[in-house]
Amino acid sequence: MREIKKAVVYSKWLPSLGGGEMVSCTIAVILRDLGYEVTLITGKKVTRDLVKNKLGISLKGIKLILNWNDEFKLKQLIAGCDLFFNTSYMDYSFGYAKKNIYYTHFPTSAYDDIRGLLFNNLLLPIAAKIFKPIELIDDIQADSIYNGRPAYILGRSTKIALFLLERNKTYNIVFKVFFENFYKSLLETFKVSFENAEVLDVNIYVDHHRNEIKFTYKIKALSETSYLNISHKKLNLHFLSPDRLFLIFPKVSILEITDNIVIENIYKIIRQRIATRLRAGLFVNILQRLKTYSTVLSNSEFTGLWINKYWGIKPVICYPPVDLIFQKKEINFNKKNNWICSVGRFFTLGHGKKQEVLIEAFKRFYDLGNKNWELHLAGGLANDPSTIDYLNKLKKLSTGYPIYFYLNISKTELETLYRSSKIYWHATGFAEDPDRKPILFEHFGIAPVEAISAGCIPILYNGGGLPEIIKKISINEDKHLFSTIDQLVKNTVFFAKESNTMDWQKIFSLLIKNFSVQAFKERLLEVISPQT
């Protein structure tokens, strides 16, 4: 009987369901279809149905396991497997399989200079011992204010990761819960439990005046990440009494916090900054870790240049797989609307998609007399306050113009938007310094390729991996790339009048050759089983 090979794909940020996650899921599916027994590891909860809805990929037959920043558990899952693909951005966990492959969305510095060594190998580990971060594994609604403090609505079941712990060490876990309705039957349904931890003691303090309960648990960590589970049942069905429960800031403390509001606010700022850095993981000696991988893949030549600069490694270029729309659905150019579209998450961290630049460009384009055109902006939206604030600012900038927003739409809805639009814009990296902050540029650009595959004329920012797309499909760089808003407007005016200049048959052929799922699979097979 033939032994079944085992493969693990590590996609820590899978719930974001972006381009990088498209790569992770496609790799998992290719390995499954090759006969591997595949495990897909994700940092947070995500369902197969959601992946199917957002990415159009079926994970049937693939095992999903949750693991947040726990290299001890990760080793147990990987060790002895035939193949391990790490596709997790900024995660440099060791490879423990027989063959380990690292797919790079974009590299970070190896921190091999004096400043970097002090920061990454000394200051961050010390900070990790003092400020133990937490991570919400389940979605939680944005904050409200109760009793003068930020509060976060608990779902029926909420999982919170307590990470960067030391195994077999004891910790005090402290959190407060505010009950909108404080009655016995609701309290009886409220449950707290821990995973990867042994509960040694518990203290519960009830504040009847505030409808708050303070929980203090003493636990012994059994792994590098323990999970706090909080659940409750809805008993009161009256719409005016929703039985909502809130975590009071700080959501969970692994250190006792004074009730002094000034000290607490200072702690809040420091803790948030450190936690933002630590949530990607604490990885000392990045270059040593990378040596455990037999192959480093790069999603573009642009990314490859920085892999070589940061790590001294020459990667294998492996463009991401794109589900080309013209291969599935007819593209009727006569039925396209005078729409410009752009797709990218609405967020301000990392390589933000610069929607504010596109709005400014469209307003100038519209004011030139192009009153029969519209701008359509689609993308994912998280529920954190800073992201929501950014979206509100974009909407305010759009006042008085035909600019429309599509939030967290399905893959089917997104493809309909592409097929209905004539022009596609992309501005990631605009006005950034490519030498000092290359991470802020588009590292490749799956959304632009999707749009082109639906017959959208691309006008992309001339930076990062975007120019590679234009070169690979052999079209005029002067017309399809821009460096300034004026240039973007000028090129758009040209294509608004001359939309029939594209050789779509040739373009579609080159898309298949360079960016299709089949092309990706062929490159992947060369890496997994190279011809001798």
Which of the residues spanning the stretch 456-465 are surrounded by fewer than 24 Cβ atoms within 10 Å (Cβ to Cβ) and touching a residue at least 60 places away in the same chain (Cβ under 8 Å)? none
Please verify whether F365 is in contact with a Phe, Trp or Tyr (Cβ under 6 Å, 6 or more places away or on another chain), buried (at least 17 other Cβ atoms within 10 Å of the Cβ), closer than 25 Å to I507 by Cβ and at pLDDT 95 or above, treating the condition exactly as stated. no
Any idea which of K54, K44 is of a type in the set (D, E, K, R), crowded, with 16+ Cβ neighbours inside 10 Å, touching a Pro at 6+ places or on another chain (Cβ under 6 Å) and at pLDDT below 95? K44
Only one of (1) surrounded by fewer than 12 Cβ atoms within 10 Å (Cβ to Cβ); (2) over 28 Å from L222 (Cα atoms); (3) modelled with pLDDT of 90 or more fails for D207. Which number is that? (1)
Output the residue which, of all residues in the stretch 57-77 that are among the charged types (D, E, K, R) and surrounded by 18 or more Cβ atoms within 10 Å (Cβ to Cβ), is farthest from the chain's Cα centre (by Cα). K73
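Among what's in the stretch 368-402 and is small (G, A, S) and surrounded by 13 or more Cβ atoms within 10 Å (Cβ to Cβ), pick the residue that is nearest to D486 (Cα to Cα).
So, considering only residues that are small (G, A, S) and surrounded by 13 or more Cβ atoms within 10 Å (Cβ to Cβ), the one nearest to D486 (Cα to Cα) is S398.
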Within the stretch 25-39, can you find the residues that are touching a residue at least 24 places away in the same chain (Cβ under 8 Å) and either under 16 Å from the mean Cα position of the chain (by Cα) or part of a helix (DSSP H, G or I) (or both)? C25, T26, I27, A28, V29, I30, L31, R32
For T348, all conditions in the list (1) modelled with pLDDT under 95; (2) of a type in the set (V, I, T); (3) over 19 Å from F441 (Cα atoms) hold save one; what is the number of the exception? (3)
Within the stretch 179-188, is even one residue assigned to a strand (DSSP E or B) and polar (S, T, N, Q)? no
Write out, first by first residue and then by second, each pair whose Cβ atoms fall under 6 Å of each other, whose residues are 6+ apart or on separate chains, and whose first residue, in the stretch 45-68, is under 15 Å from A7 (Cα atoms) and in the same structural domain as G155 (by TED's automatic domain parsing) while the second is at pLDDT below 95 and assigned to a loop (DSSP other than H, G, I, E, B). none
Contacts under 8 angstrom Cβ, first residue in the stretch 179-191 being in the same structural domain as N229 (by TED's automatic domain parsing), partner of a type in the set (S, T, N, Q) and in a loop (DSSP other than H, G, I, E, B), 6 or more apart: F179/N211; E180/N211; E180/S241; N181/N236; N181/S241; F182/N211; L186/N236
If we scan the stretch 439-450, do we find a residue that is among the small types (G, A, S), within 19 Å of the chain's Cα centre (by Cα) and over 21 Å from T492 (Cα atoms)? no
Among all residue pairs at least 6 apart or on different chains, which show Cβ distances below 6 Å where the first residue, located in the stretch 484-504, is in a helix (DSSP H, G or I) and the second is small (G, A, S)? I485/A361; L488/A361; V489/A361
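Do any helices (runs of 4 or more DSSP H) entirely within the stretch 280-399 hold 1 or more residues that are more than 30 Å from Y103 (Cα to Cα), and if so, which?
Helices (runs of 4 or more DSSP H) meeting the threshold: 355-367, 385-397.
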Test of understanding: among G35, G80, which residue is over 19 Å from E526 (Cβ atoms) and either out of contact with any His (no Cβ under 7 Å at 6 or more places or on another chain) or surrounded by 21 or more Cβ atoms within 10 Å (Cβ to Cβ) (or both)? G80
Mind counting the residues in the stretch 206-228 that are under 18 Å from Y146 (Cα atoms) and either of a type in the set (S, T, Y) or not in a strand (DSSP E or B) (or both)? 4
Subset of the stretch 473-493 [out of contact with any strand residue (DSSP E or B) (no Cβ under 9 Å at 6 or more places or on another chain) and either more than 21 Å from I331 (Cβ to Cβ) or buried (at least 16 other Cβ atoms within 10 Å of the Cβ) (or both)]: E477, D478, T484, I485, D486, V493
Residues of the stretch 418-439 satisfying the condition of being in contact with a Phe, Trp or Tyr (Cβ under 7 Å, 6 or more places away or on another chain) and either surrounded by fewer than 22 Cβ atoms within 10 Å (Cβ to Cβ) or among the aromatic types (F, W, Y) (or both): S420, K422, F430, E432, P434, I439
Conditions first: (1) modelled with pLDDT of 80 or more; (2) out of contact with any Phe, Trp or Tyr (no Cβ under 8 Å at 6 or more places or on another chain); (3) under 30 Å from L290 (Cβ atoms). L162 passes all but one, so which condition is the exception? (2)
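Each row is one residue, and each column tells you yes or no for (1) modelled with pLDDT of 95 or more; (2) closer than 27 Å to I307 by Cα.
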{"site": "K437", "(1), (2)": "no, yes"}
{"site": "K472", "(1), (2)": "yes, yes"}
{"site": "N476", "(1), (2)": "no, no"}
{"site": "L488", "(1), (2)": "yes, no"}
{"site": "F494", "(1), (2)": "yes, no"}
{"site": "S509", "(1), (2)": "yes, no"}
{"site": "F515", "(1), (2)": "yes, yes"}
{"site": "Q518", "(1), (2)": "yes, yes"}
Looking at the structure I just gave you, is K12 basic (K, R), crowded, with 22+ Cβ neighbours inside 10 Å and within 30 Å of A197 (Cβ to Cβ)? yes
Residue under question is E442, and the condition is that it be of a type outside the set (F, W, Y) and exposed (fewer than 15 other Cβ atoms within 10 Å of the Cβ); does it hold? no
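The values are calculated or read from the model by the stated rules, or taken from the named source; none is laboratory data. Computed from a predicted model, the values in this text were never measured in an experiment. Here Cβ is always computed from backbone atoms with ideal geometry, including for glycine, and neighbour counts include all displayed protein chains.
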